[in-house]
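The values are calculated or read from the model by the stated rules, or taken from the named source; none is laboratory data. Just so it is clear, the model here is predicted, and its values are computed rather than measured. We place every Cβ from the backbone using ideal geometry, glycine too, and count neighbours over all the protein chains shown. Ligands, DNA and RNA are excluded from the accessible area calculation, which covers all protein heavy atoms including side chains. Shrake-Rupley method; radii C 1.70, N 1.55, O 1.52, S 1.80 Å.
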Amino acid sequence: MPTLVVGSATARPGAKVSGFLHVPHAADPGAEIPVTIVAGADPGPVLALIAGTHGSEPSPIVALQRVRAELDPAVLRGTVIIVQIANVPSFAHRTIYRGPWDQKNLNRVFPGSPHGTASERIAHAITTQVIDQCEYLVDMHSGDGNEALRPYSYWNNLGVDGRVDATAREMALAFGLDHIVVDRGRPRDLNATLFCSNTAHARGKPAVTTEAGGVGVPTEDMVALNARGAFRVMRYLGMLPGPRDMLEHAVWIEPSEVLTSPATGLWYPAVHPDQYVAKGAPFGHLTDYFGETIAEVRAPMAGIVLYVVASPAMGEGEPLGMVGAVSTGP
Ligand SMILES: [Zn+2]
């Protein structure tokens with residue numbers, strides 16, 4: 001098995017090595033992205049686990065610290081590339097959604113560019129050094145710092161390669177979050193794949209996006225759920241000994257819709273995650289800065305509240321939450 005190099009980390013078989021992906025300084029600041037390679041003694045699949053694509057989503061970030069500590073290269077088949085915090089500027093500067101320098105959402109600028117702004121250069125480094133070197137990928141999110149969320153995964157049914165879609169579906173079942181949103185709308189243009197996981201998926205590498213945790217707090221149950229999911233995917237891929245543990249009763253969600261704010265002001269949610277809402281039911285309302293109501297927001301469909309913004313600050317066009325209908329399953 002060849003020696004794998006990711007940024008400054010070089011791992012021979014049987015080794016666990018950490019280092020940094022170097023993102024050069026340009027018109028705005030660069031970054032040093034912490035990565036770990038766990039190279040199994042025996043050859044096998046290459047799995048990338050990425051946390052912190054949004055820097056204020058700490059449950060997966062803390063979980064991947066645990067995975068790094070617990071994963072033993074002596075019993076691993078293949079290689080795990082861990083990106084500990086993909087959007088390290090967003091993490092360090094405590095921003096939600098967007099990077100601090102360019103105000104761009106890292107998870108909307110893939111595959112990135114070496115000549116672009118900070119977020120685009122980070123995306124380029126991850127695409128060329130992590131995605132191009134892996135065979136499977138899990139991009140691990142949670143509700144952002146302002147979002148309360150019930151755990152779910154996205155199954156990217158891209159429709160380009162049936163094998164890739166089918167394997168990604170199984171990876172979602174292996175990760176084990178019991179609600180799975182079916183997503184058929186991700187872009188297929190390799191130069192504008194936008195999302196981290198879709199960048200892998202469109203390149204023929206089965207990938208899932210997971211969501212577990214929220215409101216900027218890494219609770220023990222959500223950290224454990226993220227770490228458990230990572231190990232379950234490794235067992236699904238035959239990288240670790242032990243039986244495959246697959247979700248038997250997934251709740252498939254399709255269609256789903258992200259609600260966006262009609263105005264800037266203060267957001268008062270009327271729902272909580274995991275709540276079932278009827279079509280047209282109150283979802284929340286917005287006031288101006290004085291407390292006068294300026295908009296009422298209603299559920300666009302009957303379904304489950306997957307996440308909802310839990311704090312008042314709200315800008316026009318920003319997400320308010322997400323509702324999805326329970327489907328019979330793909
Ligand atoms: Zn996220």
Can you confirm whether the range 138-152 contains a residue that is touching a strand residue (DSSP E or B) at 6+ places or on another chain (Cβ under 8 Å), under 22 Å from I81 (Cβ atoms), in contact (Cβ under 8 Å) with a residue 60 or more places away in the chain and of a type in the set (S, T, N, Q)? yes
Identity of the residue in the range 313-330, more than 18 Å from E211 (Cβ to Cβ) and not hydroxyl-bearing (S, T, Y), that ends up surrounded by the most Cβ atoms within 10 Å (Cβ to Cβ): M314
Index of the failed condition, Y268 passing every other in (1) in a loop (DSSP other than H, G, I, E, B); (2) touching a residue at least 40 places away in the same chain (Cβ under 8 Å); (3) over 28 Å from A174 (Cα atoms): (1)
So which residues in the range 183-200 are open to solvent by 10 Å² or more (accessible area, probe 1.4 Å) and either basic (K, R) or touching a strand residue (DSSP E or B) at 6+ places or on another chain (Cβ under 7 Å) (or both), if there are any at all? D183, R184, R186, P187, R188, L194, F195
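Give the residue that is nearest to the ligand (Cβ to nearest atom), with candidates limited to residues of the range 85-108 that are part of a helix (DSSP H, G or I) and closer than 25 Å to V67 by Cα. Please lay out each step first, then the result.
In the first step, residues of the range 85-108 are kept if they are part of a helix (DSSP H, G or I); the result is 88-92, 106-108.
Remaining after also requiring closer than 25 Å to V67 by Cα: 88-92, 106-107.
On the way: V88: 15, P89: 15, S90: 10, F91: 12, A92: 17, L106: 9, N107: 6 Å.
Residue satisfying both the conditions and the ranking: N107.
Given the condition open to solvent by less than 10 Å² (accessible area, probe 1.4 Å) and either under 18 Å from the mean Cα position of the chain (by Cα) or more than 18 Å from G19 (Cβ to Cβ) (or both), answer yes or no: does some residue in the range 70-77 qualify?
First, pick out the residues of the range 70-77 that are open to solvent by less than 10 Å² (accessible area, probe 1.4 Å): 71, 76.
Applying the additional criterion that residues be either under 18 Å from the mean Cα position of the chain (by Cα) or more than 18 Å from G19 (Cβ to Cβ) (or both) yields 76.
Taking every residue of the range 70-77 in turn, at least one turns out to be open to solvent by less than 10 Å² (accessible area, probe 1.4 Å) and either under 18 Å from the mean Cα position of the chain (by Cα) or more than 18 Å from G19 (Cβ to Cβ) (or both).
State all residues of the range 229-256 that are in a loop (DSSP other than H, G, I, E, B) and open to solvent by less than 40 Å² (accessible area, probe 1.4 Å); if no residue qualifies, say none. Step through it out loud before you land on a result.
From the range 229-256, those in a loop (DSSP other than H, G, I, E, B) are 237-250; that's our starting set.
Selection gives L237, G238, M239, L240, L247, A250.
Quick one: which residue in D161, D102, D132 is open to solvent by 10 Å² or more (accessible area, probe 1.4 Å), more than 24 Å from D178 (Cβ to Cβ) and at pLDDT below 95? So that I can check it myself, show each step before the final result.
Details: D102 fails: at pLDDT below 95; D132 fails: at pLDDT below 95.
Result: D161 is the single residue among D161, D102, D132 that is open to solvent by 10 Å² or more (accessible area, probe 1.4 Å), more than 24 Å from D178 (Cβ to Cβ) and at pLDDT below 95.
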Output the residue which, of all residues in the range 258-312 that are closer than 19 Å to H179 by Cβ and among the hydroxyl-bearing types (S, T, Y), is most open to solvent (accessible area, probe 1.4 Å). Y276
In the range 45-64, is there at least one residue being open to solvent by less than 20 Å² (accessible area, probe 1.4 Å), away from the ligand (no atom under 16 Å from the Cβ), among the small types (G, A, S) and more than 23 Å from V215 (Cα to Cα)? yes
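Can you name the strands (runs of 3 or more DSSP E) wholly within the range 1-83 that have at least 3 residues being of a type outside the set (A, V, I, L, M, F, W, C)? Explain how you work it out, then say what you get.
Values: elements: 4-6, 9-11, 16-23, 31-39, 42-51, 77-83.
In the range 1-83, 16-23, 31-39, 42-51, 77-83 are the strands (runs of 3 or more DSSP E) which contain 3 or more residues that are of a type outside the set (A, V, I, L, M, F, W, C).
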Of (1) under 18 Å from H54 (Cβ atoms); (2) modelled with pLDDT under 95, V208 fails just (2)
